[in-house]
Amino acid sequence: MCKKMDKNALYEAIFKRKSIRNYDSTSIDSNRLEEISRNLQSLKPLLSGTKTEFKIISPNQVTKKFGNKAPHFIAAFSEAKDAYKVNIGFMLQQMDLYFSATGLGSCWLGIPQPTKDLTDSSNLEFIILMSFGNSKETLYRTSASEFKRKSLKEITNMDGADELLEPVRLAPSAVNLQNWYFTGNKNAIHAYSSKSSFLRTIVGGSYYPVNMGIALCHLQLAAEYNGWKTKFVFDSSGDEKPPKNLEYVASLEIEKSS
Ligand SMILES: Cc1cc2nc3c(=O)[nH]c(=O)nc-3n(C[C@H](O)[C@H](O)[C@H](O)COP(=O)(O)O)c2cc1C
């Protein structure tokens, strides 16, 4: 079982992970928590130069849990600049996959909130929580058909990039909104988000940028799993035919050695 961030293990977790909401309420052992804490400090950012902070917290530091009896939570904080919420999605999805790959359950949580004491304990903006612990339900899905997701055709106009976009298609999102769309070619993939409306913001739309970061995490893992070098750029001019009514988020440049 891998205990450290092994990129191939993270990639493989994409195809079996699911949100876990039913936990054994006992704490996980302290060695394991230390390992998790070390991994939290080693998450790869999407943006360099944007300060982030991740704290492992206990259930009594979380409100509006609605019966979510997880023994542990991660609270994510960020400096509020550039695409900072996309960055948090990108970073914390590495933890979601790591938990799944190492036999623990986890769930992104946009509704539960940290206590005021906790938000006051950081100079950075609180962004989102993730629960984790030993699962009391089946940890894994056994086939892609168990994922309730849009089809590839609904999320891209590209042909021939399935090995990159199928793992993205399976990504989790708030209220399963899947607000992503991809264009480009095998050398550069451009990611777009639906625009959030006032009504949509009430029901999950405020997490559109976090969802985009999650999708970009899956996209890069897929490219690197194929042995390709990658680089994120933030330049919408790379796409000659941007889709209408969507917002540009980022592009992944891909360099294949052969
Ligand atoms: C940013 C974000 C916020 C979420 N908030 C919640 C939440 O508050 N409560 C909850 O039970 N699930 C929450 N989820 C989990 C989603 O409902 C779940 O990822 C989606 O329905 C897809 O299911 P799956 O993760 O099992 O594949 C959230 C997911 C994301 C990415």
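The values are calculated or read from the model by the stated rules, or taken from the named source; none is laboratory data. Note that this is a predicted model, so its numbers are computed, not measured. Every residue, glycine among them, receives a Cβ derived from its backbone with ideal geometry; neighbour counts consider all protein chains shown. Note: accessible area is taken over every heavy atom of the protein model, side chains too, but ligands, DNA and RNA are not part of it. Shrake-Rupley method; radii C 1.70, N 1.55, O 1.52, S 1.80 Å.
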Under unit Cβ charges (Lys, Arg +1; Asp, Glu -1), what dipole magnitude, rounded to 20 debye, does the chain have relative to its Cα centre? 560 debye
Residues of region 14-147: accessible area per residue with a 1.4 Å probe, Å²: 45 Å²
Using a probe of 1.4 angstrom, how much of the accessible area of region 88-129 is carbon and sulfur, in percent? 49 percent
Going through the cross-link list Lys85/Lys241; Lys44/Lys229; Lys153/Lys244; Lys51/Lys85; Lys231/Lys256; Lys81/Lys231, which pairs have a Cα-Cα distance over 18 Å in this structure? Lys85/Lys241; Lys81/Lys231
Run through every distinct alpha carbon pair of the chain and return the Kirkwood hydrodynamic radius in angstroms, one decimal place. 18.6 Å
Carbon and sulfur %, accessible surface of region 147-196 computed with the full protein complex present, 1.4 Å: 47 percent
Calculate the dipole size of region 1-153 relative to its Cα centre from +1 charges on Lys and Arg beta carbons and -1 charges on Asp and Glu beta carbons; express the result in debye to the nearest 20. 640 debye
Using all Cα-Cα distances in region 20-168, what percent lands in each 10 angstrom bin from 0 up to the longest? 10, 36, 35, 17, 3, 0
Taking Cα atoms only, Rg over Rh for region 35-74 with Rh from the Kirkwood formula is 1.07
Probe 1.4 Å, protein heavy atoms only - accessible area per residue of region 179-258 in square angstrom: 51 Å²
Enter the Cα centre distance for the pair region 86-139 and region 1-74, rounded to the nearest angstrom. 6 Å
